[in-house]
Amino acid sequence: MRRVDDVAVSETGPQLLQMMENAGRNLARNAMAARPGLRSVTVLAGPGGNGGGGLCAARHLTNHGIDVTVVLDRDPDDLSGATATQWETLEAMDVQRTTDATAAVVEADVVIDALLGYGLDGAPDDRIGEFVDIAAKAAYLVSLDVPSGVDATTGERPGVAVEPDRTLTLALPKTGLTDLDGPLYLGDIGIPAVVYEQVGIDYESPFEGEYVLPLVVE
Ligand SMILES: NC(=O)C1=CN([C@@H]2O[C@H](COP(=O)(O)OP(=O)(O)OC[C@H]3O[C@@H](n4cnc5c(N)ncnc54)[C@H](O)[C@@H]3O)[C@@H](O)[C@H]2O)[C@@H](O)CC1
Ligand SMILES: [K+]
């Protein structure tokens, strides 16, 4: 996926913000479908592309009348790139942000885990590790792309890792997502076949009219 991202961003497009927007909108819809009638969602957002997808979902959920609270793993001023761009809109919308992750998690109908995705490198550090432990208190936990703390390729958990009620992975099913507890979904983030072909993947889109597909893990 990192090579796919690199080709998309450096050669053909779509750009990161475009892919992230598709990720976040799919995530918002999947979270609303997970718990019909849900009233409140807390988004735990990390500093990278995974966090950006969570922040994008926070905007779409807010636009659909849901009470959203955002928890960042750092000061918003320390965000950069597409993730900072997603945050700036939430700031303009005056979306609620708190540093009290425990309260935000226990009070929400659904919690979104957008801490770490395929950029995981080793055991989650103490700060992210604390959020992983807090996420265990969620009434219903949705992980974006990869359950935070799980290696997207090997499925190994070098340290703590969340145990989501469902996972929405992006673009291609990650090989490390074989022994998850809850259901797994695949989200279309708008990457054309030509990008996959450039990285040597013989790609045929599985999305036929649907933007999110349930995946059956053999
Ligand atoms: N084509 C795709 O698949 C796309 C993926 N996107 C998302 O972007 C994610 C990958 O984004 P990134 O590469 O920015 O990385 P992540 O968002 O997965 O990780 C965030 C950051 O966490 C830090 N980190 C890594 N290991 C850590 C550890 N052990 N303890 C504490 N912090 C750690 C690193 O600084 C890393 O940049 C994907 O999982 C997906 O959610 C989207 O942005 C859209 C495009
Ligand atoms: K995640």
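Please report the spacing between the Cα centers of segment 1-40 and segment 119-158 in Å, no decimals. If you average the Cα positions of each part, the centres end up 18 Å apart.
About its Cα centre, the chain has a charge dipole of approximately 440 debye under the convention of +1 per Lys or Arg Cβ and -1 per Asp or Glu Cβ, with nothing else charged.
Each residue was assigned an accessible area with a 1.4 Å probe, and for residue 212 the value is about 40 Å². Farthest towards the positive end of the charge dipole of the chain, among the residues 143, 129, 48, is the Cα of 143, using unit charges on the Cβ of Lys, Arg, Asp and Glu. The relative contact order of segment 2-215, computed from alpha carbon pairs under 8 Å that lie at least 6 residues apart in sequence, is 19 percent.
Could you give the distance between the Cα centres of segment 49-102 and segment 175-202, to the whole Å? Spelled out, the Cα-based centre of one part sits 25 Å from the other.
Taking all protein chains as present, what is the carbon and sulfur share of the accessible area of the chain, in % to the nearest whole number, probe 1.4 Å?
Details: 4580 of 10140 Å².
Accessible surface attributable to carbon and sulfur in the chain totals 45 percent.
How big, in percent, is the set of alpha carbon pairs in the chain lying more than 20 Å apart? So the portion of pairs separated by more than 20 Å is 54 percent. With contacts taken as Cα pairs under 8 Å and at least 6 residues apart, segment 1-102 reaches a relative contact order of 25 percent. In units of the rule-of-thumb radius 2.2 N^0.38 Å, segment 92-174 shows an alpha carbon radius of gyration of 1.09. Helix 49-63 and the longest principal axis of the C-alpha atoms of the chain enclose an angle of approximately 60°. Taking the longest Cα principal axis of the chain as reference, the axis of helix 81-92 is set at about 40 degrees.
The values are calculated or read from the model by the stated rules, or taken from the named source; none is laboratory data. It should be emphasised that the depicted structure is a prediction, and the values quoted were computed from it without experimental measurement. Here the Cβ is made from the backbone with ideal geometry for all residues, glycine too, and neighbour counts use every protein chain on show. Surface accessibility is based on the protein's heavy atoms, side chains included, excluding ligands, DNA and RNA. Shrake-Rupley method; radii C 1.70, N 1.55, O 1.52, S 1.80 Å.
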